[in-house]
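A quick write-up on the structure given underneath.
Rule-based calculations on the coordinates, nothing more; no lab input. Just so you know, these numbers come straight off a predicted model, no measurement behind them. Note: ideal-geometry Cβ built from the backbone for every residue, glycine included; neighbour counts use all protein chains shown.
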Amino acid sequence: MATAWLEVTKPASSVPSKTVNISDARGWRWGGLTPHGTYSTRATATLRVLSPGSCATANGVTFDPTGFDVFPASDLSPLQDFCVADPTNQVHVKGIVCKDPKIVGANDFTFSGLHIAGNTSNPIDSSVTPVTVFQLPGLNTLGISLVRIDYAPWGTNPPHTHPRASEILTVLEGSLEVGFVTSSPENRHITKVLKKGDVFAFPIGLVHYQRNAGSGNAVAIAALSSQNPGVITVANAVFGSVPNISSNVLSRAFQLDKGVVNYLQTQF
């Protein structure tokens, strides 16, 4: 059983119910099915897809995906053996334009440097070394990437999200306190202390963090389910946006004095 969120707009001239067969939803995140054409009234519903070929009804309407655009949550699957990224091409596409396969070589699929510890001399006492499509062009269209994370004693990889990827982290050295928070309204904090060799998964889009739980250095490797997972660090996004979010908004949201908000904005 898969739960899907669906927003549908109905034609201005047609309020009657629509009937639809919903295809297998496994592997899809239904972030909105948008019909082609001009529409007025809007119906929003949470649908439960029971099985391939089943129908889903909400708000008195049975929805038909025929003529709808459906967007997968993960990177698109490759249509050839490889599509090495060509960062010199200025064409904007979903992903990166392919390099001529005739001039592709082993170096396009190689990254050297994860044996080198990152510089943790910074306010959060941690460092992330990414291996995404921008460091390893051969990852283009493969839907994977990697990072090395170094932590000084008690160092933190602060609360953040990856908007386009799930993450699986393995501790190589030391011990880490890790956790993530589920979506509202529960906001459940799921946390655990990991030791060397332990593995932990962070679901896509959820706020998560790691903290070195020991007095020595710690190291982790994390794999992500996108060639370009992206990262949104909560504190930086909220207090360091350009331009700033109004202190009126933030003081109300965090129940803080405006002076405290103004101070926090100077830190980012």
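Take each of the peptides 98-110, 153-165, average the number of other beta-carbon atoms within 10 Å over its residues, and list them starting from the highest. Spell out each step's value before the answer.
Numbers: 98-110: 12.4, 153-165: 18.7.
Highest mean packing first, the order is 153-165, 98-110.
Backbone N atoms of the stretch 212-229 closer than 12 Å to the 7 Å Cα→Cβ label point of I168 belong to residues 222-225.
Computed extension length for T182-T110: 22.3 nm, one decimal, from 0.36 nm per residue of separation with the Cα-Cα distance subtracted. Comparing Q210, I124, S184 along the charge dipole axis of the stretch 101-230, the residue lying farthest to the positive side is S184, per the Cβ-charge model.
The length gained on full extension between D198 and I221, counted as 0.36 nm times the residue separation minus their Cα-Cα distance, comes to 7.2 nm. Could you tell me how far the Cα centroid of the stretch 204-268 sits from the Cα centroid of the stretch 140-192, in Å? Comparing the Cα centres of the stretch 140-192 and the stretch 204-268, I get a distance of 13 Å. In this calculation the C-beta distance from S241 to V91 is compared with R0 = 25 Å, giving a FRET efficiency of 0.25.
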